[in-house]
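Beneath this line is the structure, given in structure tokens, with notes to follow.
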Amino acid sequence: QVQLVESGGGLVQPGGSLRLSCAASGSLFRLYTMGWYRQAPGKQRDLVANITSGFNTDYADSVKGRFTISRDNAERTVYLQMNSLKPEDSAVYYCNARLASLESWGQGTQVTVSS
């Protein structure tokens, strides 16, 4: 069981940058695969990026080259650096933690990309 608290969402202009943070509680954080998902109104909740306990990363095609997921196990925090933001990136972004049958979700943070 891990508790996740997200922060860093907000309103940004197209082409701008934003960094999301997800702070986790629990002693087993380092063993979890951490991920960021997003869901726009009327759309499916989709994977944006994953990072494993071995620091292996995986990205949705739509964000490759623009977004970077990272983790700091000492701080029990996962980050999503979002660059060159586009209006289609607008969504609620959710932090996810997974280990075997255990799965936790954050509350979500709104990202709006608009001029």
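The values are calculated or read from the model by the stated rules, or taken from the named source; none is laboratory data. Everything numeric in this text was worked out from a predicted model, so none of it was measured. Because the Cβ atoms are built from the backbone with ideal geometry, glycine has one as well, and the counts that use them run over all protein chains shown. Just so you know, the surface numbers come from the protein's heavy atoms only, side chains and all, with ligands and any DNA or RNA stripped out. Shrake-Rupley method; radii C 1.70, N 1.55, O 1.52, S 1.80 Å.
If you check every pair at least six apart or on different chains, which have Cβ atoms under 6 Å apart with a residue in region 59-81 that is within 8 Å of VAL48 (Cβ to Cβ) first and a residue that is part of a loop (DSSP other than H, G, I, E, B) second?
none
Answer with yes or no whether ASN96 is polar (S, T, N, Q) and open to solvent by less than 30 Å² (accessible area, probe 1.4 Å).
yes
Within region 31-50, track down each residue that is part of a loop (DSSP other than H, G, I, E, B) and in contact (Cβ under 8 Å) with a residue 24 or more places away in the chain.
Narrowing region 31-50 to residues part of a loop (DSSP other than H, G, I, E, B): 32, 40-45.
Answer for region 31-50, where residues must be part of a loop (DSSP other than H, G, I, E, B) and in contact (Cβ under 8 Å) with a residue 24 or more places away in the chain: TYR32, ALA40, LYS43, ARG45.
Go through (1) within 15 Å of ALA97 (Cβ to Cβ); (2) in a loop (DSSP other than H, G, I, E, B); (3) open to solvent by less than 60 Å² (accessible area, probe 1.4 Å); (4) touching a residue at least 60 places away in the same chain (Cβ under 8 Å) and name the single condition SER53 misses.
In the conditions (1) within 15 Å of ALA97 (Cβ to Cβ); (2) in a loop (DSSP other than H, G, I, E, B); (3) open to solvent by less than 60 Å² (accessible area, probe 1.4 Å); (4) touching a residue at least 60 places away in the same chain (Cβ under 8 Å), SER53 misses (4) alone.
Residue by residue through region 99-115, note down the ones that are open to solvent by 40 Å² or more (accessible area, probe 1.4 Å), of a type in the set (A, V, I, L, M, F, W, C) and closer than 17 Å to GLN44 by Cα.
Initially, region 99-115 is screened for residues open to solvent by 40 Å² or more (accessible area, probe 1.4 Å), giving 99-103, 105, 107, 110, 112, 114-115.
With of a type in the set (A, V, I, L, M, F, W, C) added as a condition, the list becomes 99-100, 102, 105.
Hit for region 99-115 is TRP105, nothing else.
Restricting the search to region 36-52, which residues are on the phi < 0 side of the Ramachandran plot and over 15 Å from the mean Cα position of the chain (by Cα)?
PRO41, LYS43, GLN44, listed by residue number.
Suppose we filter LEU11, LEU28 for residues that are hydrophobic (A, V, I, L, M, F, W, C), in contact (Cβ under 8 Å) with a residue 60 or more places away in the chain, under 16 Å from SER114 (Cα atoms) and open to solvent by 30 Å² or more (accessible area, probe 1.4 Å); which single one remains?
Going through LEU11, LEU28 in turn, the sole match is LEU11.
Out of the residues in region 14-25 meeting the condition of being in a strand (DSSP E or B) and open to solvent by 20 Å² or more (accessible area, probe 1.4 Å), tell me which one is nearest to SER90 (Cα to Cα).
LEU18
Could you list all residues from region 56-78 that are open to solvent by less than 60 Å² (accessible area, probe 1.4 Å), within 20 Å of ALA91 (Cα to Cα) and part of a loop (DSSP other than H, G, I, E, B)?
Hits for region 56-78 are ALA60, ARG66.
Which condition does THR33 not pass, out of (1) within 18 Å of GLU103 (Cα to Cα); (2) within 11 Å of the chain's Cα centre (by Cα); (3) open to solvent by less than 30 Å² (accessible area, probe 1.4 Å), if it passes all the others?
(2)
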